[in-house]
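This report concerns only the one structure given below.
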Amino acid sequence: MMGFNARGVWAIYKFELHRFRRTLLTGLLTPVITTSLYFIVFGSAIGSRMTEIGGVPYGAFIVPGLIMLSMFTESIFNASFGIYMPKWSGTIYELLSAPISAFETVLAYVGAAATKSMIVGLVILVTANFFVDLQILHPFWTAAFFVLIATTFCLFGFIIGIWAKSFEQLQVIPMLIIMPLTFLGGAFYSIDMLPAAWRTVTLFNPIVYLISGFRWSFYGKGDVSVEISMAATLGFFGLCLAVIWWIFRTGYRLKS
């Protein structure tokens with residue numbers, strides 16, 4: 001029985017991170033500028049009229065949402081682009097014939113994408129400290145949600161990268177589905193502020209539970225209970241793992 005191919009995993013992981021290092025300045029400068037603009041627009045324009053939400057200053061309230069917004073898009077983009085490029089260039093056949101298992105392949109690509117996503121998330125967290133005073137009441141749960149959400153959306157991005165047949169399709173789900181769901185999922189407001197009917201509809205948005213759990217880890221307050229948030233996050237994580245297992249088992253869009 002073949003053992004764990006640590007060298008193969010490390011080779012793919014290092015290659016993917018090298019691609020990130022080539023655009024390191026742009027990759028880190030962009031979230032700094034974007035975060036600053038969000039604070040200028042949302043923090044100043046809206047925050048001057050809505051000073052607090054649930055006892056939390058509005059500027060601080062939006063920080064978890066800002067981090068999640070960037071991590072969703074970064075995770076999906078990095079993971080989908082990472083696996084799509086071998087498909088596009090034809091080197092996917094070399095990868096599939098190499099002495100590296102499906103688990104090791106996913107671990108390397110998703111691990112590298114999650115690393116890049118979490119670096120961006122930490123940069124946003126540091127940048128936010130220059131604008132507002134942050135408190136993290138439950139640092140363990142902050143780290144848990146941080147790592148789990150980044151990994152989950154990288155798995156989701158990996159699925160998109162295999163599904164996509166063109167560079168245009170890589171952008172369809174992030175731009176037309178994930179981005180709107182994030183803005184409608186309480187990233188910049190509490191869903192308790194919505195009318196009862198709209199709040200009920202919003203609870204069908206899975207992004208609500210991810211953002212709520214992450215915000216709870218900062219301030220001890222969320223739109224839904226932290227137990228439900230963690231269960232929803234773990235459920236999404238498990239679903240993505242199941243889909244990837246099926247993809248490698250059937251060879252869906254890997255060998256065609």
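The values are calculated or read from the model by the stated rules, or taken from the named source; none is laboratory data. From a predicted model like this one, the values you see are computed outputs, not experimental measurements. Positions of Cβ are generated from backbone atoms using ideal geometry, with glycine treated the same way; all protein chains shown enter the neighbour counts.
Quick look at the numbers
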item: Cβ pairs under 7 Å, 6+ apart, first in segment 68-86 and more than 18 Å from S166 (Cα to Cα), second buried (at least 21 other Cβ atoms within 10 Å of the Cβ) and of a type in the set (K, R); result: E74/K116
item: Matching residues in segment 122-138 - criterion: being part of a helix (DSSP H, G or I) and touching a residue at least 60 places away in the same chain (Cβ under 8 Å); result: V123, I124, L125, T127, A128
item: Helices (runs of 4 or more DSSP H) completely within segment 153-256 that count 2 or more residues being out of contact with any Phe, Trp or Tyr (no Cβ under 6 Å at 6 or more places or on another chain), farther than 27 Å from V56 by Cα and free of Cβ contacts under 8 Å to residues at least 12 places away in the same chain; result: 167-173, 226-250
item: Leading residue by the ranking (nearest to I40 (Cα to Cα)) among those in segment 80-131 that are in contact with a helix residue (DSSP H, G or I) (Cβ under 7 Å, 6 or more places away or on another chain) and of a type in the set (S, T, Y); result: T127
item: Of all residues making up segment 1-40, the number that are in a helix (DSSP H, G or I), more than 18 Å from M85 (Cβ to Cβ) and aromatic (F, W, Y); result: 3
item: Unique match (being in contact with an Asp or Glu (Cβ under 7 Å, 6 or more places away or on another chain) and more than 30 Å from Y93 (Cα to Cα)) among G213, G186; result: G186
item: Cβ pairs under 8 Å, 6+ apart, first in segment 46-62 and on the phi > 0 side of the Ramachandran plot, second assigned to a loop (DSSP other than H, G, I, E, B) and modelled with pLDDT of 85 or more; result: G54/S190; G54/K221; G55/K221
item: Residue among Y58, Y93 that alone is touching a strand residue (DSSP E or B) at 6+ places or on another chain (Cβ under 8 Å), aromatic (F, W, Y) and modelled with pLDDT under 90; result: Y58
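Residue by residue, here is whether (1) under 13 Å from the mean Cα position of the chain (by Cα); (2) more than 20 Å from S190 (Cβ to Cβ) holds:
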| position | (1), (2) |
| --- | --- |
| L37 | no, yes |
| A60 | no, no |
| M68 | yes, no |
| E104 | no, yes |
| Y109 | no, yes |
